[in-house]
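Take a look at the structure below.
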């Protein structure tokens, strides 16, 4: 397959120009449900949620999106157009813990009785402590005090809306039977430690959450502490999905496409370049902070324009690249 062979040009144009695409049919029994972010100031405008129907009249959701009244109405309207209602929902399968994917899960479960499905490691992360260590982290990164309140809000916003206890815990290799639809669970750590992709082998669909996106390099290590380096985990996990090159990629943001192998190669090459760039900066700076290293790197939006969770993600990833190089001891760790 050619890299980034677009499935729906209108969907792509919406992603490129800051719009929200119209719902679309993916395959027999599968549809997109674009769920909008509440603030138009966000770099991302929407999550691509997915609706699957089964032969028994059941409905299944993948990543129900942010919990807002507008998105609830979108869900009700989409289901109504398919001859269903919220009460028909049988399962909610979530690729990872972030509120723009999991957020509406609890509300849908309460209204329908559907089971929520998560990877075991993602449930452990949700149950763990995400907050309380911000200042230590900011000291370690060398974040200027004027930017700390901005970054502290990231932790609260990212995780406060993601509290839920799953009804079913899965592992990599689990096969879900959703009313006759088979979905293979592929463990793809990196973005978060318990991130998963879902493969529909019969319709050759690959639901990638935030693991593989058509336009963005996904942020890594954004699900709490992990026992391993998220960059190394991510590169290994790219190989797990790259072999399904004949599948339609159904990502959590952007647009659907073919060519997952080429996209994975491009994402892997990005991190190889970034590691080399970080090494070059470390070579010419004397005991820099993570902040100083990050400020010397190229960012597509410009370093001066990074803010909020994009800035937090940038700093976290620079620290991961430094750790991957084994050069942590060369850092200055106070602001």
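Results, tabulated for the structure shown:
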| item | result |
| --- | --- |
| Listed peptides 296-303, 233-240, 313-320 by packing density, highest first (mean Cβ within 10 Å) | 313-320, 233-240, 296-303 |
| Top of 229, 70, 305 by mean-square fluctuation, Gaussian network on the chain, Cα under 10 Å | 305 |
| Residues of region 216-256 with amide N under 17 Å of the 7 Å Cα→Cβ point at residue 299 | 216-222 |
| Residue-averaged [θ]222 nm for the chain, counting only DSSP H segments that reach four residues, each worth -39500 (n - 2.57) | -11000 deg cm²/dmol |
| Distance in nm between pseudo-label sites at residue 246 and residue 76 (7 Å out along the Cβ direction from Cα) | 4.4 |
| Relative contact order, percent, region 182-335 [alpha-carbon distance under 8 Å, six or more residues apart] | 21 |
| Spacing of the two label points (7 Å from each Cα toward its C-beta) at residue 13 and residue 285, in nm | 4.3 |
| Part-to-part distance (alpha-carbon centres) for region 304-323 and region 18-85, which is given in Å | 30 |
| Sorted by Cβ density within 10 Å, fewest first, the residues 207, 37 | 37, 207 |
| Full-extension gain in nm, residue 269 to residue 202, via 0.36 nm per residue minus C-alpha separation | 21.0 nm |
| Sequence-separation-based contact order of region 85-234, relative, with Cα cut under 8 Å and 6+ spacing, percent | 24 |
| Computed over the chain: relative contact order in percent, which uses C-alpha pairs under 8 Å that are six or more apart | 18 |
| Cα centroid separation - region 173-204 against region 252-269, whole Å | 17 |
| Estimated inter-spin distance, residue 239 and residue 277, nm [label 7 Å along Cα→Cβ] | 2.5 |
| Cβ-derived FRET efficiency at R0 30 Å, residue 153 paired with residue 175, nearest 0.05 | 0.15 |
| Shape of region 258-331, Cα gyration tensor, a/c cut at 1.5 | oblate |
| Folded to 0 to 90 degrees: helix 308-325 orientation relative to the chain principal axis, Cα | 60 |
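Throughout, read-outs are computed from the coordinates displayed, never taken from laboratory work. Remember, it's a predicted structure, so these values are computed and weren't measured experimentally. Reconstructed Cβ throughout: ideal geometry from the backbone, glycine too, with neighbour counts over all protein chains shown.
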